[in-house]
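Structure first, commentary second.
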Amino acid sequence: MSTISARVLELLALLQSRRHWSGEELAERLGVSPRTLRRDVESLVELGYPIVTTRGTGGGYQLAPGGCLPPLVLSEDEAAAVVLALKDAATGAHSTESGAAVTALSKIVQVLPTKIRRRIDSLRHVATLPGPYGIPPTVDTVALTTLSLAARDHETVEFVYTDAHGNRSQRPTQPHHVVSLHQRLYLVAYDLQRSDWRTFRMDRIAKPKRTRETFAPRQLPVDDPAEYVRTSVMSAQVVHNLTATVQIPAQAAQIALGEWGTATPIDPITCLVVIAATDLDWATFALVAIGAPFTIDGPEEAIVHARGWATRLAIATEPDGVSS
């Protein structure tokens, strides 16, 4: 790859990473003169990238929605397939990094022509295969990309939010992070109405509107946004801490459990497993999936729930469908 082509690609990456750059900032980051920067911008425009150039005080460059596809030479079918696949990956239902899927989706959608955006929006109800937490809820592509870009650019957003009880309200917020947890996407934002941090389910957000008002990023109560979402979700729901004694080394149990539970050694061949879940069906499944003999220690509702599973499974395995 030539020096010029590598530099042009670096310029494109910078334009995709932030909403607006001044010419001085871009030239400094690339180590080129303003004249060379202008030539590189012209090269990207010739390739089909829609770049808006503004002059004077506050002027600069920004990547904007355009009338042609980028030089990946994607057809409309291919562009729709890429965006829908990234949207699916963003839920965390696949092994890929969900955060990377969100940022890639934001970068691609912002440069798609209006015609293809509308087509993708019309496909938002395409069925998705269920994962361990069932079928992930539908998240509007435009809402996801709008909020992701607003979080990137530190720009205030207003949207309509429907809570768990069906109540709708207009929410002015400062979006900071989009987090994937248990096949759902959440927005971590500072709620200006309530003057506090809030976690919003993305599938309950409608009509997001960027206000063009920027804000200084705030410090979350905890360092990890994903941990903040996990704590918020768990505190808002009834959580069952299923505990069980499992006849398997703790290391093997932990590998089987992954992030869904913890295994603590009791002795070299036995461990204590704890699974925190809002759904006892899922907790019971995770325990059975370890593939080793176990005894559920508590709570009582988990023991009763497992007995119900045992009864139904016993009936299902009888030849006549009736337990003797």
Item to check | Per-residue HN-Hα couplings for segment 33-49 [Karplus 6.51, -1.76, 1.60; θ = phi - 60°; Hz; x = Gly/Pro] | outcome: 7, x, 5, 5, 4, 4, 5, 5, 5, 4, 5, 5, 4, 5, 6, x, 7
Checklist outcome for this item: Given backbone amide H placed at 1.01 Å from N, residues whose amide H is under 5 Å from that of residue 278, ignoring those fewer than 5 places away on the same chain, are 240
Checklist entry - What residues qualify as long-range amide H neighbours of residue 185, i.e. H under 5 Å apart, gap of 5 or more or another chain, H built at 1.01 Å from N? => result 202, 203
Checklist entry - Which far-off residues, 5 or more places away or on another chain, put their amide H under 5 Å from the one on residue 290, with H placed in the peptide plane? => result none
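Throughout, read-outs are computed from the coordinates displayed, never taken from laboratory work. Because the structure is predicted, anything quoted here is derived from the model rather than measured.
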